[in-house]
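Read the structure below first, then the notes.
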Amino acid sequence: MTMRPLLLTALALSVPLAGCGEYRGLETAHQPVIAQTDYTLDLIAGPDGLAGGEAQRLHGWLDVLAAPPGTTIAIDDPAAQAVARSDIATIAGEHHLRLGATLPAGAPSPVPGTLRVVVTRATASVPSCQTPGPRDALVNFDAHTSNTFGCATSGNLAAMVADPLDLLRGKVDDGRNASATAAKAIGAWRKAVPTGTGGTVLKSETTGGR
């Protein structure tokens, strides 16, 4: 008579222990998810730039999109019309948009005599953290991570990244924002010869003839 409740107790303890092995590693299962939407507008252009009224149409289209500052804008111009591209770059700058070179894959080319403006809006979020999972078992013999491990880090990364597409393709270092470039003045100061040997001269000033 006493064996049955002891057996049920052992089975009850084995249930929470069975689900403890899901989060054993240090790599979080909650990763940012990128959602990308491309908006396109075909404009009539020629060797002299955009046709009459096309610049105003582009202005109105960008106003309606209300793209946030830093949104990427690309130009699909098979004819390589430099004047028209310069006109579009000027308008994009007035709307605080970044001119990029990446075009959506598989998009058809614009008809001859036109070029296509592509505005890419991307957002990053961690949808797996929005739905709370089951609570972890109170017994944690294998020291596994919780089912919400990484939500804070991944959520902050998705919220603060300037261009969510950088999470997919990375960022190319063109040298403009390199730390070595920004620290040239400090590097020149460190390489200067000490003042005792005729190097950097420090001006000494006194007050009241003292």
Only one of these conditions is not met by LEU58: (1) over 30 Å from GLY155 (Cα atoms); (2) under 21 Å from the mean Cα position of the chain (by Cα). Which number is it? (2)
Of the residues ALA74, ALA67, which single one is open to solvent by less than 30 Å² (accessible area, probe 1.4 Å), free of Cβ contacts under 8 Å to residues at least 60 places away in the same chain and not in a strand (DSSP E or B)? ALA67
So in the stretch 48-57, with the set limited to residues that are farther than 14 Å from ALA89 by Cβ and surrounded by 15 or more Cβ atoms within 10 Å (Cβ to Cβ), which one is modelled with the highest pLDDT? GLU54
When you go through ALA18, ALA29, ALA45 one by one, which is the residue that is open to solvent by less than 60 Å² (accessible area, probe 1.4 Å) and modelled with pLDDT under 90? ALA45
For the stretch 113-127, give me each residue that is in contact with a helix residue (DSSP H, G or I) (Cβ under 8 Å, 6 or more places away or on another chain) and outside any strand (DSSP E or B). VAL126
Out of the residues in the stretch 78-95 that are open to solvent by 40 Å² or more (accessible area, probe 1.4 Å) and touching a Gly at 6+ places or on another chain (Cβ under 7 Å), state the one that is nearest to HIS59 (Cα to Cα). ASP87
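The values are calculated or read from the model by the stated rules, or taken from the named source; none is laboratory data. Quick caveat: nothing in here was measured; it's all calculated off a predicted structure. Using ideal geometry, Cβ is built from the backbone for each residue, glycine included, and neighbour counts are taken over all protein chains shown. Accessible surface is based on the protein model in full, side chains and every heavy atom, while ligands, DNA and RNA are left aside. Shrake-Rupley method; radii C 1.70, N 1.55, O 1.52, S 1.80 Å.
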